[in-house]
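**Q** Below is the structure I would like to discuss, written out as structure tokens.
Read-outs throughout are calculated quantities, based only on the coordinates presented, and are distinct from any laboratory measurement. Bear in mind that the values here come from a model prediction, so they are computed numbers and not experimental data. Here Cβ is always computed from backbone atoms with ideal geometry, including for glycine, and neighbour counts include all displayed protein chains.
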Ligand SMILES: Cc1cc2nc3c(=O)[nH]c(=O)nc-3n(C[C@H](O)[C@H](O)[C@H](O)COP(=O)(O)OP(=O)(O)OC[C@H]3O[C@@H](n4cnc5c(N)ncnc54)[C@H](O)[C@@H]3O)c2cc1C
């Protein structure tokens with residue numbers, strides 16, 4: 001873990017409650033795809049956010065927010081906006097977490113995101129494509145409303161690169177125009193795979209979702225040592 005200073009280059013709305021933030025570190029940074037950073041609001045107030053970008057990119061990308069506006073995200077965002085306006089850097093601890101992408105495995109993959117858990121999965125999906133990995137990848141992204149699928153176009157383009165990559169958006173409360181999958185995202189996975197035994201499974205999203213996924217997936221054959229989620233350490 002290293003503490004770094006970063007310029008806040010951009011804060012832009014992806015949805016009414018989720019913002020995309022781009023940071024430029026003042027020094028070279030070391031992290032693995034799927035790790036997170038802690039934004040230091042003060043010496044004692046540090047908040048984890050998954051890094052949506054991949055190593056080697058000049059900027060660090062974050063997706064901050066959720067379906068419901070809450071102080072966890074809004075206070076972090078207020079700090080970023082203030083430092084941006086003052087043209088002052090923010091401090092972050094980087095290279096955190098144990099749920100980083102394991103590129104050396106030969107197993108097929110399930111990537112499962114709930115809401116802004118997408119940030120973590122997006123980094124891994126980009127790392128897979130950058131390494132031109134030719135393994136089956138099933139990327140599920142569950143959101144409450146259609147409007148929360150802020151990077152659906154990017155993920156459709158990602159899936160189009162390789163016939164082994166699949167992108168499956170799942171909307172919890174769809175309107176009549178939605179023709180895709182609906183319901184809770186983990187249930188879509190449980191419906192699609194008779195057994196999860198063969199898969200490396202990467203998970204990020206609300207803690208309640210991570211808890212349900214851990215037990216329900218293991219019941220359907222998933223091997224705990226092949227399930228990766230930093231949320232598991234918190235629940
Ligand atoms: C290491 C770490 C990294 C984090 N990174 C970020 C980050 O990058 N950005 C950020 O804003 N916050 C982050 N957080 C905080 C927190 O994880 C998010 O605020 C949270 O995931 C936001 O969820 P949401 O509101 O987007 O999802 P929601 O809109 O609440 O849910 C999305 C989908 O998840 C599923 N789901 C939700 N609840 C349940 C349930 N009870 N049972 C089963 N399925 C359910 C459903 O399919 C639902 O449609 C992080 C926390 C930790 C510990």
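**Q** For the stretch 109-234, what's the relative contact order in percent, using C-alpha pairs closer than 8 Å and at least 6 residues apart?
**A** Answer for the stretch 109-234 is 28 percent.
**Q** Once the Cβ-Cβ distance between residue 223 and residue 12 is put in as r, and R0 is 35 Å, what FRET efficiency do you end up with, to the nearest 0.05?
**A** For R0 = 35 Å, the calculated efficiency reads 0.30.
**Q** Okay, moving on. In degrees, nearest 10, range 0 to 90: what is the angle between the Cα axis of helix 207-219 and the longest Cα principal axis of the chain?
**A** 30
**Q** Same structure, new question: Mind pulling the per residue volume of the convex hull built on the Cα atoms of the chain? Å³ is fine.
**A** 123
**Q** Additional query: What is the angle, in °, between the Cα long axis of helix 71-86 and the longest principal axis of the Cα atoms in the chain? Nearest 10 is fine, range 0 to 90.
**A** That works out to roughly 40 degrees.
**Q** Once you have the Cα-Cα distance between residue 146 and residue 88, take 0.36 nm times their residue separation minus that, and quote the gain in nm to one decimal.
**A** 17.3 nm
**Q** OK, next. Could you run the Debye sum over the Cα atoms of the stretch 109-234, one equal point scatterer each and no solvent, and tell me log10 of I(q)/I(0) at q = 0.15, 0.23 Å⁻¹, two decimals?
**A** Once normalised to I(0) and log-transformed, intensities are -0.65, -1.51.
**Q** Cα axis of helix 118-130 to longest principal axis of the chain: angle in degrees, 0 to 90, nearest 10?
**A** On a 0 to 90 degree scale, this one is about 80.
**Q** With r defined as the distance between the Cβ atoms of residue 132 and residue 30 and R0 fixed at 22 Å, what FRET efficiency is calculated, to the nearest 0.05?
**A** Approximately 0.45, to the nearest 0.05.
**Q** Let me ask something additional. Normalised by the number of residues in the stretch 1-138, what is the relative contact order in percent for Cα pairs under 8 Å and 6+ residues apart?
**A** The value is 31 percent.
**Q** Pull out a ≥ b ≥ c, the square roots of the eigenvalues of the alpha-carbon gyration tensor of the stretch 2-96, then state rounded if a/c is under 1.5, prolate if not and a/b is larger than b/c, and oblate in the remaining case.
**A** Taking the square roots of the gyration eigenvalues as a ≥ b ≥ c, the stretch 2-96 is rounded.
**Q** Oh, and also: Please find the FRET efficiency linking residue 103 to residue 176, where r is the Cβ-Cβ separation and R0 is fixed at 45 Å, and quote it to the nearest 0.05.
**A** 0.60
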